[in-house]
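Worksheet for the structure shown next.
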Amino acid sequence: MIKRFSTLETIRTLLAHPQVMLDCIQQMDKLGERFIRESQLLLRVRDYIANLDSDEQRRLQIAFSTDNLFHSQIIGDIEKVDGDKLLLFQDEVLSLFRLCDASLHQELTDSRLRSRLDSLRSVQERLSHASFIDSDDDFTELRDDLLEQLSGLLSLIRKHVAAMQDLSGRLESMSAEASRSPEHFVAFRRQLFERISHIYERHIKPTLMFVNPESRLADGANLFRVMKDCQQLLERHGKPDIADQVFRFSMSFTNVYKPVTAVSREVERFLRKTRVGMLESNAMEHFFQQLKTDYEHTLDHDLRKTRLTGTLAHDTGFALGLKQRARPARYRFGDSESYNDNLLQEIELRLGDLVRSTDWLPKAGEASKQSLAQQRMIRAEALFKWLQSLPLRPTSDMIAMLHERLKDHLPGYQLSDLLAASIRLGHLYAEPRKVPDAVNVKSNVKADKQESKKPVDDHHLQVAVTNKRTKLIWQDHAYIYRRRKLNAVHLHSEHPSFESNSETETSHSDD
């Protein structure tokens with residue numbers, strides 16, 4: 001009596017020791033064959049069970065015997081060729097083991113997708129002439145065929161997407177592995193580029209087009225159009241449950257589109273990087289060989305050849321016209337008296353800002369007792385008091401000067417503080433207005449105006465608004481404003497004359 005296992009026991013044994021079947025499937029894929037020779041299977045089994053105990057060896061020998069595999073429906077057919085047996089495994093068994101190892105997944109080709117789509121189109125055509133009666137066997141078989149095809153297609157695409165995602169994760173490691181062996185780098189990169197290009201054009205790109213709801217096909221409707229027609233037919237003939245299942249399938253296919261798109265972009269990026277890298281490497285190698293040849297000509301016995309006289313520079317043109325290019329402009333310190341005065345004065349003002357106490361704003365605990373409007377009022381009053389004693393110098397851009405000095409020394413600085421400070425300085429250093437004699441101005445108003453002016457010895461600063469606009473960037477925002485100048489004028493002159501500020505404008509370094 002020949003010892004055999006049942007189908008369940010045989011599959012359980014094969015899954016407990018999957019390496020034999022995985023190696024067989026890998027060899028079949030490598031050779032492009034649909035079968036495995038019996039001698040090769042037995043040889044792999046013998047090598048695998050060499051280190052196992054005797055009972056396990058006997059069990060695996062029975063499970064992997066040709067007679068047991070055939071009677072347990074693991075092998076679908078056996079052919080004899082050249083004195084050897086060719087074993088054809090069932091597709092379901094191969095799919096089960098391919099599911100266990102993503103690297104053995106068969107790529108989904110354009111022809112397989114089109115055959116699936118043609119089958120769905122055929123079902124949709126037959127469904128348009130169906131009776132839609134549950135007691136009709138033709139309708140029930142057609143309904144089951146539609147749902148089975150959609151389920152199988154969705155499972156096939158999902159496995160394909162999972163394999164593609166695993167492929168995109170291995171691209172960088174494969175490239176890094178090639179970089180570790182410089183002697184085989186060029187050949188490895190070329191083979192890798194050809195392989196990935198083939199996978200992208202024949203497997204990834206067709207899948208991306210197949211699951212794209214907006215794709216247009218020359219031979220008919222796309223997948224989503226076919227499912228939409230089937231759903232409408234079922235709803236029109238009173239089959240909402242089946243129509244809802246078809247709708248859920250369409251939603252599942254739509255969700256598959258995003259990961260396929262992500263994988264496609266990743267592979268495209270890798271291909272572009274690989275191709276650019278190969279082109280750059282080939283170009284550098286080509287010109288290096290030319291340069292090396294020109295250099296070797298200088299090593300012969302002719303002592304007159306001391307320079308590279310080849311045609312590399314003239315052919316490429318990378319050095320032609322180099323002497324005609326202007327050199328980069330260097331920043332030079334001015335040597336004029338006004339430049340030095342402005343520079344020293346700016347340093348003194350900056351050092352004064354560092355010495356000045358920044359603890360002049362109200363404390364957080366004190367301000368929290370007030371309302372928001374009162375807090376803003378207290379902050380503005382403190383800022384105005386601080387500005388009253390702030391030493392300034394003539395500048396061509398008062399807003400930029402205030403921004404640079406406030407942002408480093410003002411706690412919790414905001415653009416509203418800059419706006420308030422600029423308005424305050426505009427009032428303090430406003431140009432004097434001529435008042436007619438007929439107008440009676442109160443003495444207290446005149447006194448307030450005189451106190452608001454802040455003279456500096458025998459000079460006074462005045463704000464002059466220009467029509468030139470400039471830009472201020474702060475916290476990822478750009479603000480455009482009109483430039484305001486601070487000009488120094490004589491107080492005791494009958495006709496105030498502005499001091500020359502040309503050097504101030506041209507030597508703007510820190511403002």
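The values are calculated or read from the model by the stated rules, or taken from the named source; none is laboratory data. Source: prediction; values computed, not measured. Cβ sites come from the backbone with ideal geometry, for glycine too, and all protein chains shown count toward neighbours. We work out accessible area using only protein heavy atoms, side chains counted, and drop any ligands, DNA or RNA first. Shrake-Rupley method; radii C 1.70, N 1.55, O 1.52, S 1.80 Å.
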Non-local residues with an amide H under 5 Å from the amide H of L217, with H modelled 1.01 Å from N and Pro and chain starts lacking one, are N222
Calculate, for A430 and R216, the FRET efficiency according to 1/(1 + (r/R0)^6) with r their C-beta to C-beta distance and R0 51 Å; round to the nearest 0.05. 0.15
Whole number in Å², please: accessible area per residue of region 199-308, 1.4 Å probe, ligands, DNA and RNA not counted. 66
Ranked output for segments 64-70, 261-267 by mean other Cβ atoms within 10 Å, highest leading, reads 64-70, 261-267
How far apart, in nm, are two points set 7 Å out from the Cα along the Cα-to-Cβ line at E92 and at R202? 3.0
Once Q57 and L99 are pulled to full extension, the length gained, defined as 0.36 nm per residue separation minus their Cα-Cα distance, is 12.5 nm
